[in-house]
Each structure stands twice: as C-alpha cells, then as structure tokens.
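The values are calculated or read from the model by the stated rules, or taken from the named source; none is laboratory data. All figures in this text were calculated on a predicted structure; none of them were measured in a lab. Every residue, glycine among them, receives a Cβ derived from its backbone with ideal geometry; neighbour counts consider all protein chains shown. Accessible surface areas use protein heavy atoms only, side chains included; no ligands, DNA or RNA. Shrake-Rupley method; radii C 1.70, N 1.55, O 1.52, S 1.80 Å.
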Amino acid sequence: MAAGAFGYFRAVPPMAVHTRSMADMQAFRDEVSGWAAGGPGGPAGELALRLGVRTAVLLEGPSDLAAVETLAARRGRDLAAEGVCVVAMGGAMSIGRYATLLGPPGLGLRLAGLCDENEQRFFDRGLERARAPRRDVFVCVSDLEDEFIRALGPASVEEIIRAEGDHRAWQTFLHQPAQHGRPRQRQLRRFLGTKKGRKIRYGRLLAEALSPERVPAPLDGLFARL
C-alpha cells in the first residue's frame, strides 16, 4: 500500500480481501479513532489493507451508528463483508479530520455519510477540504430521531417506549413545564435525548420497527449508494 500525501496509506484493491467480520471492523474503527485523536496511522492502514476496506460511512455519533447497523442487518446487508466500515466520529465538527485521514489525502477510501440538517455545513466544508465528493452524504431533517418519529408516527413510537418499560419516565417527562403545549413529535425527539444511552438504544429499536416502505429517505438513499 503506497503512502499518501500525508504519509498515510492509500486505498486497497478489492482483491486484497481476506477475512472480514464485525470484530475486525470494530478493531479498524478503534484504530481510526486513535489515529484521529493523534495516534499513529500505521495500524489503521494495515487493517484497511488486510480487510479490504473500500468505503467509510461517516456518522455524527453512536446512535446513528446503531441505527445504520440495525437497518443493514434487517436488509440482509453484511457491511463488513462488503468492505464498508461505519464510523461514529463523536460530532459533526470532526468531519474534516476523519475525511482527511480516510479520504483522498489519507487511506483513499470512498466516503459516504449521514448528517443532521444543522450540521451539513461542517460536512460540506470538511469534505471539500479533503477533496472528497459530497454526493454520497445524505441529510436528515432535524436529525435521525426526527426522521424515525415521522416515518413511524408518534403513536407507534410511544408504543415502543411503553414496550421498553420507559412509560413512567415518558409520563414524568411530559409533565415538565417546558413540554406543555409542544407538538408530540418534538416531545418524543427531546425525550430520546434526555438520558445517556437512550438514543443509542432507541436508534436500534426504531430501526427495527420500520417496515421496508417506511425507511426515511436519507437512510434509504445512503444504502442505495453503498
């Protein structure tokens, strides 16, 4: 694998693929996170070569990753076997760093992604700086949770909340003065983000509840391009 402009590694040809698994891709993700935090890039480059990684899907956070991986499984897609690694960056403002490491200046992987409407400007600037095309980045109205709530309908989401044993917490939340008079969709979206780990858990649950014809357009578009 040849060195890139920053001394990193270039994309690996598909024939280099040997063994790919979810555990392998998690190891690759871990190396990429360490690299983005200032560590060495060699281990990530070596894993990319061994696993035949060809595409990195850049997401803002772990709840998006949970939803994308769940939907992939429901569609019978083995992303690891396809050489696709889904990466949670820890926030949209990290896109420039990750796009530089994984895109044309670094590993030379094809980049795709999903972002919130309010964060699109960070993605646009980061990808432009990394000389990566933006055509494979799909934008959610508000955020992915909002897309799920609109696709499923508030009543269905409330049913999922009850089935998960969170009904009491939901009712307590609704009695907060700040929630009085707010549309149910906005209340649900806010509730999903009020406790650590809840967005990740419900990212999986809401993705599992979607029927094929109700998958939100940004997610549908993303999978169509992978």
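Remark: the residue 37-residue 211 segment gains 58.8 nm on full extension, using 0.36 nm per residue and subtracting the alpha carbon distance.
In the range 30-58, which residues have a backbone nitrogen under 16 Å from the label point lying 7 Å from residue 77's Cα in the Cα-to-Cβ direction? Answer for this model: 54-58. Label positions at residue 201 and residue 184, each projected 7 Å from the Cα along the C-beta direction, are separated by 2.2 nm. Between the helical axis of 62-74 and the longest alpha-carbon principal axis of the chain there is an angle of about 90 degrees. Rounded, prolate or oblate: which fits the chain when a ≥ b ≥ c are the square roots of the eigenvalues of the alpha-carbon gyration tensor, with rounded for a/c under 1.5 and prolate only if a/b beats b/c? In terms of gyration-tensor shape, prolate. The fraction of accessible area contributed by carbon and sulfur in the chain is 51 percent, rounded to a whole number (1.4 Å probe; ligands and nucleic acids excluded). Give the accessible area for residue 71 in Å² (nearest 10); use a 1.4 Å probe, count only protein heavy atoms, and leave out ligands, DNA and RNA. Here the residue's solvent-accessible area equals roughly 10 Å².
Across the range 21-33, rounded Karplus estimates of 3J(HN,Hα) from the backbone phi angles (6.51 cos²θ - 1.76 cosθ + 1.60, θ = phi - 60°) give 8, 4, 5, 4, 5, 5, 4, 5, 4, 4, 5, 5, 4 Hz, Gly and Pro being marked x. What list of ³J(HN,Hα) values in whole Hz, one per residue of the range 179-184 in order, does the Karplus curve 6.51 cos²θ - 1.76 cosθ + 1.60 (θ = phi - 60°) give from phi, with Gly and Pro shown as x? Once θ is set to phi - 60°, the couplings for the range 179-184 become 8, 5, x, 7, x, 4 Hz. Rounded to the nearest 500, the 222 nm mean residue ellipticity of the chain from helices alone is -15000 deg cm²/dmol, with -39,500 (n - 2.57) taken per DSSP H run of at least 4 residues. The range 144-163 and the range 58-133 have Cα centres separated by 25 Å. In terms of its C-alpha gyration tensor, the range 20-100 has an oblate overall shape, because the principal axis ratio a/c (a ≥ b ≥ c, square roots of the eigenvalues) is not below 1.5 and a/b does not outweigh b/c. With the alpha-carbon atoms of the range 62-111 aligned to their principal axes, the span from lowest to highest coordinate is 33, 22, 9 Å, starting with the largest. Between residue 156 and residue 118, how high is the FRET efficiency from 1/(1 + (r/R0)^6) when r is the Cβ-Cβ distance and R₀ = 25 Å? Nearest 0.05. After rounding, the FRET efficiency stands at 0.45. Probing with 1.4 Å while keeping every protein chain in the model, the per residue accessible area of the chain equals 47 Å².
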